[in-house]
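Nothing in this text is a laboratory measurement; each read-out follows from the coordinates by a stated rule. Predicted model only: the values in this text are computed from it and were never measured. Methodologically, a virtual Cβ is constructed for each residue, glycine included, from the backbone with ideal geometry; neighbour enumeration extends over all protein chains shown.
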Amino acid sequence: MSYHHLTADDIKILRSYIADPARVITEPTAHWDHDQFKTVRAMPDLVIQPATNDEVVKVVKYASDHLIPLVPRGNSTGLMGANLTIHGGISLDMVKLNRILSYDPGSLTLTVQAGARLKDIEDYLADKPFTYMPAPAMHWATIGGNVATNAGGLKAIKYGVTREHIRSLKVALTDGKLYTFGSKAVKSSSGYALKDLIIGSEGTLGVVCEVALRLYPRPRHIINAVIPFDTLKHAIQSVPAILASGVEPTTVEFMGRKVLNLWEKFYNQKFPITEGDGFIILGLDAFTPGELTAMLETAVAATKAFNAFDPVVLDAASHEAKVIWDAREALLLAIQKSTPQMDEVDVSVPINHIPDVLQRIDELEQETGMRIPNFGHAGDGNLHIYLCSDQLSATAFAQKRDLVIRELYKTAAAVDGNMSGEHGIGYARKDYFEGYYGKAYTSLLRRIKQLFDPNGVLNPDKIFPLHE
Ligand SMILES: Cc1cc2nc3c(=O)[nH]c(=O)nc-3n(C[C@H](O)[C@H](O)[C@H](O)COP(=O)(O)OP(=O)(O)OC[C@H]3O[C@@H](n4cnc5c(N)ncnc54)[C@H](O)[C@@H]3O)c2cc1C
């Protein structure tokens, strides 16, 4: 596909759409050429920071009409190179479209602009009786980025992922119209669910401008417990038993001593629990303290068959709880600090198959000599697996990385899993997509893409190559 290269005339017209000239950046700096992982790098020709829906609509229409590639960008905390302008063109940086628009406790919704960050939303709701429940570990991500990747997080097992918490979206499409998909009503049996098609589409179908979020009554009582096990394997094996006990936890995370050692080293901290090699962090919430106690006792009893030590029960407001959650949320960054370059596979598998993936990781470490630390969401089967370059040359790392990625996808596919549970496919994994999901399925997606974006300008070649 050949695209139009931006000219001075294009920039003049695009600038006329944007109220403040400072929000049209003709000489982008390195700030715009990478995301968190830097595995894909590309410098946009132009950055536009819209501050109104109307500005978004006009820019998207102009880009489509003039065959100029356009890639929306949130706060660039993504890991799959998804917000990069690999074909040049416009980076539509959404961070200035960031207002909280309306708080509506009557309908249990909060409406925000797409560039609002999770942290802004948490701060806004802090003194209110309602909360936005999904809990991705990266609080600086924008809600638009979360919608685009269908971000998961620590509470998916009980409350679901971003998708379950979006009532409606306002989306700018390439035809120059702003559409509302979904509504504040809870239910709909009213035709195609286009809102759900947009969620997780990584900006390839339209640009999200506004989001009506579903709110939950803030849970009255919360408790966390860390359960140490003699081995990580036993920790993981206990999870189906915890869930079968009838307890519905908000969170079940797993991590091993090896990754915690990296966090201790690079954050100069001490993990407060010294016994055990594998850990489950169990989060519970309830209406009364009595319910919490009963749930905790039942869950802990279920772990005893798996060589669990006594749990360390944490008051949610305690310093110890803060240290443990800080450790969990910083694991990714700690691993990143331990190696010059890294990449990630975030397959999601049925929970009883997590041990299969962990076993394959052990084998691949032996076979390739590559360090592959990991941790993840034991309750929902989403693993975060890191491929570390360490001493390898760039070429050797690229070869081994490709081999490990393919092997892990093979393992996930064999147990009916998905390529990505929450971080997306982006540009970093687009070449593996068709192999994983098949030609017929990818062709169907291409036809949907064609309908929304006939000129192929929105994030061209992201998720899967535009053309067979
Ligand atoms: C330490 C750390 C922890 C993390 N923890 C989690 C976690 O627990 N769960 C999880 O899911 N992710 C996690 N992530 C990954 C990342 O935070 C998410 O992928 C997040 O959704 C990206 O949002 P962003 O605003 O940074 O978007 P970006 O990285 O800028 O972009 C991500 C994608 O969204 C698209 N996009 C952005 N805004 C819009 C818009 N308005 N309309 C259409 N498309 C848009 C971009 O084109 C791109 O495809 C973590 C990352 C880090 C660094």
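Pairs with C-alpha atoms separated by more than 19 Å, drawn from the list LYS119/LYS462; LYS96/LYS170; LYS155/LYS187; LYS265/LYS337, are LYS119/LYS462; LYS155/LYS187. Peptide packing: for 68-78, 309-319, 53-63, 258-268, the average count of neighbouring Cβ atoms within 10 Å per residue gives the ranking 68-78, 53-63, 258-268, 309-319, highest mean first. Listed values for the range 275-291 are Karplus-derived 3J(HN,Hα) couplings in whole Hz (6.51 cos²θ - 1.76 cosθ + 1.60, θ = phi - 60°), namely 8, x, 10, x, 9, 10, 9, 10, x, 10, 9, 6, 7, 10, x, x, 4, and x replaces Gly and Pro. Place +1 on the Cβ of every Lys and Arg and -1 on the Cβ of every Asp and Glu in the chain, take the dipole about the Cα centre, and give the residue among VAL323, TRP32, ILE273 whose Cα lies farthest towards its positive end. Of the candidates, TRP32 comes out farthest on the positive side. For the listed peptides 13-22, 298-307, a ranking on the average number of other beta carbons within 10 Å per residue, highest first, reads 298-307, 13-22.
For the range 395-407, putting each phi into the Karplus relation 6.51 cos²θ - 1.76 cosθ + 1.60 with θ = phi - 60° gives couplings of 5, 5, 5, 4, 5, 5, 4, 4, 5, 5, 4, 4, 5 Hz, in residue order, rounded to whole numbers and with x for Gly and Pro. In the chain, the longest principal axis of the Cα atoms and the axis of helix 319-337 are about 60 degrees apart.
Relative to the dominant Cα principal axis of the chain, helix 8-17 is inclined by about 70°. Taking Lys and Arg as +1 and Asp and Glu as -1, the other residues whose beta-carbon sits under 13 Å from that of THR395 total +1. Summing charges over neighbours of ASP431, with a neighbour being any other residue whose Cβ is under 12 Å away from its Cβ, gives +1 when K and R count +1 and D and E count -1. Using θ = phi - 60° in the Karplus curve 6.51 cos²θ - 1.76 cosθ + 1.60, the 3J(HN,Hα) couplings for the range 126-135 round to 4, 9, 10, x, 10, 9, 8, 6, x, 9 Hz; x is entered for Gly and Pro. The range 363-441 and the range 43-79 have their alpha-carbon centroids 30 Å apart.
Counting only alpha carbon atoms, the long axis of helix 354-368 and the longest principal axis of the chain meet at about 80°. Across the chain, the relative contact order, built from alpha-carbon pairs under 8 Å that are at least six residues apart, equals 15 percent. Evaluated with a Cβ-only charge set (Lys, Arg +1; Asp, Glu -1), the chain carries a dipole of roughly 840 debye about its Cα centre, given to the nearest 20.
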